[in-house]
Amino acid sequence: MTNHVSPPVSPAKTTDKSLESLRMNIALAGVGGQGTLVAGKLLGTVAIKLGLDVKVSEVHGMSQRGGSVITYVRMGSKVFSPIIEAGTADFCLAFEELEALRWSGLLKTSGTMIINSQKIRPLPVLMGKAQYPQEIRSVIESAADGKARIIEIDALAAALTAGSPRAVNMVMLGALSIFTDIPLDYWEESVMEVFAGKPKLIPINLQAFHFGRDLVR
Amino acid sequence: MKQILLGNEAIARGAYEAGVKLVSSYPGTPSTEITESIVQYERIYCEWATNEKVGAEVAVGASIRGARALTCMKHVGVNVAADPLFTASYIGVNGGLVFVAADDPGMHSSQNEQDSRNYARAAKVPMFEPSDSQECKDYLKKAYEISEQYDTPVMLRLHTRVSHSRSVVELEDPQDIVIRPYVKNVDKYVMMPGMAIKRHVIVEDRMVRLAQDSSADIDSVGLHTITIKSQKLGIITAGAAYQYVADALPDASILKLGMIWPLPQDLIRSFASKVDRLVIVEELDPFLETEIKAMGLICEGKSLFTLQGEYSAKMIRTALTGEPNPASVVSQEILPVAPARPPVMCAGCPHKGLFLALSRLRVQVTGDIGCYTLGALPPMAAMDACVCMGASIGMAHGFDKATDGEASTHTVSVIGDSTFMHSGVTNLINAVYNQSRITVVILDNSITGMTGHQQNPTTGLDIRLRSAPSINLEELCRSIGVTSIRILDPVDSRLCQTVIREELEKDTVSVVIARRPCALIPVGKGKKEDRTVVNKDKCTACGSCIRMMCPALTEGPDKKPIIDWDICNACGLCMNLCAFGALTKGGRKS
Ligand SMILES: Cc1ncc(C[n+]2csc(CCOP(=O)(O)OP(=O)(O)O)c2C)c(N)n1
């Protein structure tokens, strides 16, 4: 059974006006089991600390069985729809290369896409019915025609160095954090709050988060 | 204090704050997490019921006895619970009673796209529809007040995007749990014609009063919000659709309904009179539109929008404004097509061995609902029909009787343990009683897998993971009168094939119990040292292990298998399939 007890979130701490006017759409694309849900929850926690309204839209059910999963995070002074429309994502974090290709349509002009170089071959590819596309990063980059930032990192290797393949999500968030104006302590406190129920995991996840920052600096 | 909660978690929190005493539900996406997160509130009695009808009846009982009670289900669950719902509407309540129905437009995880609002109208009960997590909590609490004030069960309609979106919720202190006194009252609680005739009058009167009060008192009965902006365009909407409208049409006037049945007719008329053009934005059926047109008002709705799937801000903008929609910076036309990533049976999934056997036997399969429905997809493609929970056995019996038994020589019905307890067992009784010749395979993976691992009467644990009596499936089948019962481990795919072939030949009802725990639950985890190793010298690259499509076993450049030890669950299915002894246990520790 999944644990549906959300830890309490400490109240908004920001007094910085520029942060209060922040508006961000962040899409997290991956494969069931890659930790996009936890990443979404963490971004929700960061938003509350910023005193912002936030919506995190998850996919449960069928898609967990190794299917493609997308989590949308929208934050701002007031958020209505939980869904990010095509061409409106400020950030798209692709936890897997093929998913980067699939969800690249979400990215907006001057947005940033961070791709984890991991490849997880889907059933049609395993069955020889389809080809896993080559050079996904450069294909997306040329389709963006210089109007967006496309970055690729090896988040899996960094997560393994930090101590767990499951920390890929923290590496991705670490990389994201560099491109936002949100101060580091908001992120670190959110990591600690999200893993409050499993304190042993905090050091690994914090380290993975910092590895992610280092990869894109 | 503020917390960011899933819509479903907010419903659970609302139940806690409202002093709910009892929750009895059957799981179903997207409603499951409500009852799962009730578990954290220890003062609430909660349980997994065998099916939605049972869950609803338990809640009805608790309500009559004076407790606030809740039952939660997915949209198709309401079909199962419809019988108690329709008559609970007549008897009303003692303690407040709420039915939560979670709809799934777009069918993220469902077999149809039915619209639960039709049930509120048909059963003559009020229905609320929240649009975010805060409203989930607020509306549920209001539903209990309305339930007791108007002596009626209340329905709350959720939506995948509301159930499974997290947003900010302000927590409040819980009310005490109050159990109201129970007084015997046959006129109210015993529905025989003589009493029900009188109750029906009360029901109709109640709905009229609710409709009036919902208009007159929008803050404490109807929970509607009216935003008057442009006179040119007015939108009536509710629930998830409201959020898309708010994004797409910042200048429109909006009437957002909270209680969506019965309709606040006076309020709607007054809103309609303030705008030049009235448009109804609602997913699925033209429920509001039909009713509003029946009031004699002119409006548009499904002439602009589809009856299918989820809406979006983009769809609404396109239909109602001339504004361009945002376009992606990554021009999609020049990108290669991304191969689909369909869900697959997990590494170590016990259903795989059984379905490989069915696929080799080339039999007809009447299927059922659960993880094993994936057996309908390649590479097994071993399913002919799948309708609703429990139907596999009835359909096989139908095949049998339609052909005077001929079909039963080559038809197998498959059903999971939870689905068997839900509504398969009554079908099996029917088949035995009516002297069928069917062969039923119960896929006993010791859990309700599809919906995320809930306990059920066969697993030996209750919802709080305390030990509980467990039904012995073979004893149950024997007591029904099944004479041929075989138990096997589906990892032995060849044995499955032999046993099923033998059972197909018998001209009585046969049950094969394919028993192995789900690979994702603790008792289903294999030992690391038993993971598969490949002996490349013995491997002939015949491809039979590759073809079974285990996520842990992929084809290398030499056409021989490569095992991913991070994923391999040491089930041994690939070893059983290899005719050359090239796959053996021996994956190193850790
Ligand atoms: C009436 C109804 N209620 C609930 C569901 C949701 N649902 C789909 S499959 C399933 C249970 C599957 O469990 P089981 O039969 O044990 O098979 P498994 O997934 O474990 O293989 C449920 C609850 C549904 N589809 N219909």
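The values are calculated or read from the model by the stated rules, or taken from the named source; none is laboratory data. Being a predicted model, the structure only gives us computed values, none of them experimental. FYI the Cβ positions are ideal-geometry reconstructions off the backbone, even for glycines, and counts take in every protein chain you see. Ligands, DNA and RNA are stripped out before the accessible areas are found, and what is left, the full protein with its side chains, is counted by its heavy atoms. Shrake-Rupley method; radii C 1.70, N 1.55, O 1.52, S 1.80 Å.
Data table
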{"read-out": "Computed [θ] at 222 nm, deg cm²/dmol, chain A (DSSP H ≥ 4; -39,500 (n - 2.57); rounded to nearest 500)", "value": "-11000 deg cm²/dmol"}
{"read-out": "B:V186/B:M107 FRET efficiency (R0 45 Å; Cβ-Cβ; nearest 0.05)", "value": "0.55"}
{"read-out": "Chain A, accessible surface, carbon-and-sulfur percent (1.4 angstrom probe)", "value": "54"}
{"read-out": "Relative contact order (%) - chain B, alpha-carbon pairs under 8 angstrom, separation at least six", "value": "11"}
{"read-out": "Residue-normalised accessible area of the range B:166-287, expressed per residue, 1.4 Å probe, Å²", "value": "46"}
{"read-out": "Qualifying trypsin sites (Lys or Arg not before Pro) in the range B:24-106, DSSP loop, other Cβ atoms within 10 Å at most 14", "value": "B:R43"}
{"read-out": "Proximal lysines relative to A:K108, as straight alpha-carbon distance under 18 Å, when same-chain residues fewer than 8 apart are discounted", "value": "A:K147, B:K314"}
{"read-out": "Solvent-accessible heavy-atom area per residue, rounded to whole Å², over chain A at 1.4 Å", "value": "38"}
{"read-out": "Solvent-accessible area lost in complex, 20 Å² minimum, residues of the range A:68-82 relative to chain alone, 1.4 Å", "value": "A:F80, A:S81, A:P82"}
{"read-out": "The range B:237-287: relative contact order in percent, alpha carbon pairs under 8 Å with at least 6 residues between", "value": "54"}
{"read-out": "Spatially proximal lysines relative to A:K119 (Cα-Cα < 18 Å; intrachain offsets below 8 disregarded)", "value": "A:K129"}
{"read-out": "222 nm mean residue ellipticity, helices alone, for chain B (DSSP H n ≥ 4; -39,500 (n - 2.57); rounded to 500)", "value": "-10000 deg cm²/dmol"}
{"read-out": "The range B:224-325, accessible surface, carbon-and-sulfur percent (1.4 angstrom probe)", "value": "53"}
{"read-out": "Members of B:K401/B:K506; A:K55/B:K142; A:K78/B:K274; A:K198/B:K525; A:K198/B:K137; B:K538/B:K559 lying beyond 19 Å, as alpha-carbon distances in this model show", "value": "A:K55/B:K142; A:K78/B:K274; A:K198/B:K525; A:K198/B:K137"}
{"read-out": "Label-to-label distance, nm, for residues given as A:D16 and B:K274 (7 Å Cα→Cβ offset)", "value": "4.1"}
{"read-out": "R0 of 51 Å, Cβ-Cβ distance B:E475-B:T318: FRET efficiency to nearest 0.05", "value": "0.30"}
{"read-out": "Heavy-atom accessible surface of the range B:442-530: percent carbon and sulfur, 1.4 Å", "value": "53"}
{"read-out": "Anchor B:K198: aspartates and glutamates whose Cα lies under 14 Å away (excluding residues fewer than 8 positions away in-chain)", "value": "B:D187"}
{"read-out": "Only Lys, Arg (+1) and Asp, Glu (-1) charged, at Cβ; the protein assembly as shown dipole about Cα centre in debye", "value": "1240"}
{"read-out": "Among B:G449, B:N51, B:V76 - extreme Cα towards positive end, dipole of chain B, charges at beta-carbon", "value": "B:G449"}
{"read-out": "Potential extension, A:Q134-A:F179 segment - 0.36 nm per residue separation minus Cα distance", "value": "13.5 nm"}
{"read-out": "Centre separation in Å (Cα based) which lies between the range B:495-570 and the range B:406-469", "value": "22"}
{"read-out": "Interface size B-A, as summed buried accessible area [1.4 Å probe, Å², nearest 100]", "value": "5500"}
{"read-out": "Of all DSSP beta bridges in chain B, antiparallel share, percent nearest 5", "value": "25"}
